[in-house]
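Visitor: Have a look at the structure that comes next, please.
The values are calculated or read from the model by the stated rules, or taken from the named source; none is laboratory data. Here the structure is a predicted model, which is why all the values come from computation and not from measurement. Using ideal geometry, Cβ is built from the backbone for each residue, glycine included, and neighbour counts are taken over all protein chains shown. SASA here: full protein model, heavy atoms, side chains in, ligands and nucleic acids out. Shrake-Rupley method; radii C 1.70, N 1.55, O 1.52, S 1.80 Å.
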Amino acid sequence: MVKLQSRSATSSRTLRVLVAAASVTALGFALAGCTSGSGSSANGQYGFPEATQSSSSTLTVWVDNTRVAALDAFKKANPDVKVDVVTYDGSANGSNTFQTKMQLFDQAGSGWPDVVFSSQNNDASWASQTSNGKQAFAAVLNQGYIDDSTISGFSAGALDPCTVDGKVYCLRNDLAQSVLFYNKTLLDQFGYSVPTTWEDYQALGDKVAAEHPGYIVGSVGDSFTPEIYMWASKCQANDVTAARAITVNTTSTECQRMASLLDDLSAKQVLSQDSVFTPEFLQKYTGKVLAMPGPVWYSGAIFNSATALNVPAGQMAVAAPLKWGSDDAVTGNVGGGTWFVSSHSTNLEAAKKLVDYVTTSDDYQVDLAPGLPAFASAAAKWVAKQQASGYFTGDLSAITSSASMVWNGWGYPQFSQEAIWAKTVTPAVASGSTFSSLLSTWGDAIKNQAQVSGYKVN
Amino acid sequence: MTLAPSRATRSAVGSETSRGRQPGGRRSTSTTAQSRMGAAFVSAYGLLLLIFGIVPAIYALWLSVTGPDGSFVGVDNFVQVFGDYRFIPAVLHVGLFLVVWIVALLVFVVLLALVVHAVSVRWLSTAARFVFYIPGALAGASSVLLWLFVLNPAASPVSGLLNALGFESFVQTIAPGNLPGVFAVIAFWTGAGGWIVIMYGALNNISAEIMEAARIDGANPVQIAVHIQLPMLRKWISYMGVLSLAAGTQLFVEPQLLSQASNGIVGNDYSVNQLAYLYAFQQSNFHGSAAISIILLLIALVLSAVFVARGGLFEKD
C-alpha cells in the first residue's frame, strides 16, 4: 500500500519533470533559431560580406596595455573619428582571449569589436575561417580594402602570419625574428671572435665551458626555444601547407643537428635551462651572458631593462642570424603582434584609417613603438633611432637585414607550438632527458594536437 | 551498512502509519503548515536550481547529441571526445587527484576535528579552529597564486624543505608526477579548515550523556572516538565527501593558473573541465564541450550516489 502510493507519487513527479524538460528543450531550439542571421549582406566589394555601413558609428578597438599609446596617438591625429578603446590581455601567453570572446560574439550574433590587436601571430588561422557556419571574423585586407601600396610596404615575409591561401587577414605590428646578441666587451676580453655559423657557435660554447665556466651562450628554458633554434635549423615541425593541412617531420637531419648541438651545450652548462624571465635566471646569469640567439625584442625585454639583465650601455652588439655551414642564413621568429579588422564592422572606412595609422605612421611606429616595426620604412627609421641612442655598440644593420630571413617552412597554425614544447619537452629535459631522444615524442605531440585542431596531418 | 536500509524503511513506514492514524488531528494541521512553509523556503532555492542548474544541464544534454547544424547526431560527440588523445589522460589526472585529496580530507579532517574537540583548554581549541579556518578565507585563484610562490624554490619561504626533497627549480617541483599531490595540497589547505569547523560542530552535537556513559563504562578517548564519535559523524563525513567530489571533479582553476604561470609546462588540458573549456573556446566545438560536461555530470552523480548510500545521508535519526 505504502509502496504503491510512493510509486504513483514518483511517476507523477517524473511526468512533471519530463514536461518541464520538454518545454525547456523547445525553448533551447527557439533560442538557437534566433542566433542565425546577423544582418549582413552576402556580398561585399572587398571579398567578404559587409555589414550596412555608417560613417559616423563609433569604432570599438581592443588593444593590450602597451598599444594604448598607439590609440592615443591616433585619436590626437584624427579627432573626428569616434573611438572606444577597450584594453584586454592581448591574448598573451596562450590565454586565447581574442578567439574565445569572438566565438561568444559569434554565438550571440552581435558585439564584435571593429579592430583588434593581438600579441600573437597565429590568429589568422582561425579568424580567416568560417566556424560552425558563422561568418569569418577577419576582413580580407588585400582585395581592395587596404591600399596595395600599404600592403607592399611591409618587410618581406612580415605578413606571412597574416596570410592564408593568398589572402591577407591582418597587418603586422612588429617583427620578432631571431638574431645573435653578444656582449662585445666580454667577448673581446676573453679573446673570442663573433660566431657566424652554428658550428662556430658550438665551438665557442665548448671553449667557454672549458675556460670560463659559469658564463652562458644561450638559453633553452623557454617555451619559445623551438622557434629560436629548431625554426632556424629548418626543422620541419610546423609546415602548414594549406589552411587546414600540416606536415610534421621532427626526426629529419635538420632537426637532429640542432638537437645534438643543444644536448652538447646543455651538458656543458653553457646553455641556461631556466626561462630568461625567471628570478633564477637573473640570479645565476646577470653579467654572465656572453652570447644569446633570440628575437629582436630581447634588446628591450632582457638586455636593456632595469628589471632583467640590465646590461650597461655600450657592451651589447647584434650579429646576423647564424647559419649551418655554407647554407643560406635563415632564422626563426618569436611572436610579433597583429592588427585585425572585423568583417562585421559598420565603419570600415574609419577602421582602415586606424590600422593604416598604427602600423605605418612614423608618429607611432618610429617615435613610440617599443618593438621593431613591421612596415619597412618605419623599421629603417626605428633602427636608426636605436643606433643613435647609443645603447648598442657596433652597427645594427643585422636587425634590418634579418627581417626578411625568417624561414617560410615553419607556419602559423591555430594551435600553439610553444604550448606543446613546454608540455612535452621542457619538463622531460629538466628531469634529465636529451633533446635528441625527445624529437619523436615532440613530433607525435604536434601531430596529435594538429589532429584535434582539425588539421590534416602529413 | 546492513542496518541502513532497514532503518530507512522503518522510519518511512513509521511516518506513513502515524500520518494515517491521526487524520485531521492537531499535529497533522501543524505538519501541513510546516510543510507549506517548507515548500515556500525550498521554492526560492528550487527556482535558482532550475535556472542555473537544471536548465543549463538540459541545454548541455541537447547540445551533446546534436551537430553544429542542429541535427541529431546521437552519440557522435561522445565518440569524438572519447577518441581525443587528451581525454583519458585528463580523466586519469582528475581521478588520481581525487583519490589523493578525498582520502587526505577524510582522514585528516576527522582526525584534526577529534583532536581539537578533545583539547580541553578553551583558548587553545578556539585558536586552533581559527588557525585552521584562515586559509579558507582565500578564494581559489588567490590561494593558487600564493602556492605558486611557495612551490618555487627560488622564491619560497620553505625553499630549504623543497631542496631537501630534491626540487631545485620550479620546473622540477611541478613535474607531471607531482601534480596530483600538488593540487591536493592546495585544495586541502584551502578547504580543510572549513570542514574541521563543521566536524567540530557535529562533535559538539553528540549528546553529553552518551559520552559520559561511555566514560563510566571505562572507554578511553580512542575507543570513544572509534565506537561513538566516528559512527555518529558518518552523515557529516559523507556530506563532506559528496560536496568535495562535486568540487574535485570540476578541477579547473588550479591547473589553469599553474599552466599560465609555468608558461605551459603544466598543460592547459590537464583536467577534464579544462578540456571542455578548450573544446568550446579553442576548437569552437560547443557540442563536444557539452558532451564532456555531461560525462562529468554523470561521473559526479554516480560517485555522489555511492557516498549518499554508504553514508546514509538521507536517513532520519
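Visitor: Could you pull out the residue among A:Asp165, A:Asp123 that is crowded, with 23+ Cβ neighbours inside 10 Å and touching a residue at least 12 places away in the same chain (Cβ under 8 Å)? Working first, answer last.
Guide: Values: A:Asp165 fails: crowded, with 23+ Cβ neighbours inside 10 Å.
After ruling out the rest, the residue left standing is A:Asp123.
Visitor: If you don't mind, another one. State whether one or more residues within the stretch A:430-439 are open to solvent by 20 Å² or more (accessible area, probe 1.4 Å) and facing chain B (nearest Cβ under 9 Å).
Guide: Checked the stretch A:430-439: at least one residue is open to solvent by 20 Å² or more (accessible area, probe 1.4 Å) and facing chain B (nearest Cβ under 9 Å).
Visitor: Another question, if that's okay. Which count do you get for residues in the stretch A:257-269 that are touching a helix residue (DSSP H, G or I) at 6+ places or on another chain (Cβ under 6 Å) and within 23 Å of A:Lys234 (Cα to Cα)?
Guide: Qualifying residue count for the region: 7.
Residue-wise test of (1) out of contact with any Phe, Trp or Tyr (no Cβ under 6 Å at 6 or more places or on another chain); (2) more than 29 Å from A:Gly336 (Cβ to Cβ).
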residue	(1), (2)
A:Thr163	yes, no
A:Ser178	yes, no
A:Asn183	yes, no
A:Leu187	yes, no
A:Trp198	no, no
A:Ala210	yes, yes
A:Pro213	yes, yes
A:Val220	yes, no
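Visitor: On to the next question. Quick check on the stretch A:214-226. Is at least one of its residues in a helix (DSSP H, G or I), touching a strand residue (DSSP E or B) at 6+ places or on another chain (Cβ under 9 Å) and of a type in the set (Phe, Trp, Tyr)?
Guide: Let us first name the residues in the stretch A:214-226 that are in a helix (DSSP H, G or I), namely A:225-226.
Then keep just the ones that are touching a strand residue (DSSP E or B) at 6+ places or on another chain (Cβ under 9 Å); that gives A:225-226.
Filter once more, so that each one left must be of a type in the set (Phe, Trp, Tyr): none.
No, the stretch A:214-226 contains no residue that is in a helix (DSSP H, G or I), touching a strand residue (DSSP E or B) at 6+ places or on another chain (Cβ under 9 Å) and of a type in the set (Phe, Trp, Tyr).
Visitor: Go through the stretch B:181-213 and give me each residue that's small (Gly, Ala, Ser) and either at pLDDT below 90 or within 18 Å of B:Val110 (Cα to Cα) (or both). Show your work before the answer.
Guide: Within the stretch B:181-213, the first condition is being small (Gly, Ala, Ser), and the residues that meet it are B:181, B:184, B:187, B:191-194, B:201-202, B:207-208, B:213.
Correct list: B:Ala184, B:Ala187, B:Gly191, B:Ala192, B:Gly193, B:Gly194, B:Gly201, B:Ala202, B:Ser207, B:Ala208.
Visitor: Please verify whether the stretch A:279-291 includes one or more residues that are open to solvent by less than 10 Å² (accessible area, probe 1.4 Å), part of a loop (DSSP other than H, G, I, E, B) and touching a residue at least 40 places away in the same chain (Cβ under 8 Å).
Guide: Yes; the residues of the stretch A:279-291 include at least one that is open to solvent by less than 10 Å² (accessible area, probe 1.4 Å), part of a loop (DSSP other than H, G, I, E, B) and touching a residue at least 40 places away in the same chain (Cβ under 8 Å).
Visitor: Can you tell me which of (1) assigned by TED's automatic domain parsing to the domain that holds A:Lys323; (2) in a loop (DSSP other than H, G, I, E, B); (3) of a type outside the set (A, V, I, L, M) is the one A:Gln189 doesn't meet?
Guide: Of the numbered conditions (1) assigned by TED's automatic domain parsing to the domain that holds A:Lys323; (2) in a loop (DSSP other than H, G, I, E, B); (3) of a type outside the set (A, V, I, L, M), the odd one out for A:Gln189 is (2).
Visitor: I'd like to know if the stretch B:40-58 contains one or more residues that are open to solvent by 60 Å² or more (accessible area, probe 1.4 Å), in contact (Cβ under 8 Å) with a residue 60 or more places away in the chain and either within 14 Å of another protein chain (Cβ to nearest Cβ) or within 29 Å of A:Gln451 (Cβ to Cβ) (or both).
Guide: Scanning the stretch B:40-58, I find no residue that is open to solvent by 60 Å² or more (accessible area, probe 1.4 Å), in contact (Cβ under 8 Å) with a residue 60 or more places away in the chain and either within 14 Å of another protein chain (Cβ to nearest Cβ) or within 29 Å of A:Gln451 (Cβ to Cβ) (or both), so the answer is no.
Visitor: Follow-up. Whether any residue in the stretch A:336-346 is in contact (Cβ under 8 Å) with a residue 12 or more places away in the chain, over 19 Å from A:Asp123 (Cβ atoms) and surrounded by 19 or more Cβ atoms within 10 Å (Cβ to Cβ) is what I want to check. Give the derivation first.
Guide: Filtering the stretch A:336-346 for residues in contact (Cβ under 8 Å) with a residue 12 or more places away in the chain gives A:336-346.
From what is left, the residues that are over 19 Å from A:Asp123 (Cβ atoms) are A:346.
Narrowing further to those that are surrounded by 19 or more Cβ atoms within 10 Å (Cβ to Cβ): A:346.
Checking the stretch A:336-346: at least one residue is in contact (Cβ under 8 Å) with a residue 12 or more places away in the chain, over 19 Å from A:Asp123 (Cβ atoms) and surrounded by 19 or more Cβ atoms within 10 Å (Cβ to Cβ).
Visitor: Right, here's the next one. So B:Leu179 fits all but one of (1) in contact with a His (Cβ under 9 Å, 6 or more places away or on another chain); (2) away from chain A (no Cβ under 14 Å); (3) not acidic (Asp, Glu); what number is the exception?
Guide: It is condition (2) that B:Leu179 fails.
Visitor: I'd like the residue in the stretch A:104-120 that is touching a Phe, Trp or Tyr at 6+ places or on another chain (Cβ under 6 Å) and either open to solvent by less than 10 Å² (accessible area, probe 1.4 Å) or at the interface with chain B (Cβ under 8 Å from one of its Cβ atoms) (or both) and, out of all such residues, is nearest to A:Val341 (Cα to Cα). Walk me through it before giving the result.
Guide: Initially, the stretch A:104-120 is screened for residues touching a Phe, Trp or Tyr at 6+ places or on another chain (Cβ under 6 Å), giving A:105, A:111-113, A:116-118.
If we keep only those that are either open to solvent by less than 10 Å² (accessible area, probe 1.4 Å) or at the interface with chain B (Cβ under 8 Å from one of its Cβ atoms) (or both) too, we end up with A:113, A:116-118.
Details: A:Pro113: 9, A:Val116: 7, A:Phe117: 9, A:Ser118: 11 Å.
Per the criteria, the residue is A:Val116.
Visitor: Go through (1) open to solvent by 40 Å² or more (accessible area, probe 1.4 Å); (2) at pLDDT below 90; (3) in a helix (DSSP H, G or I) for B:Ala300 and report which single condition fails.
Guide: All conditions pass for B:Ala300, except number (1).
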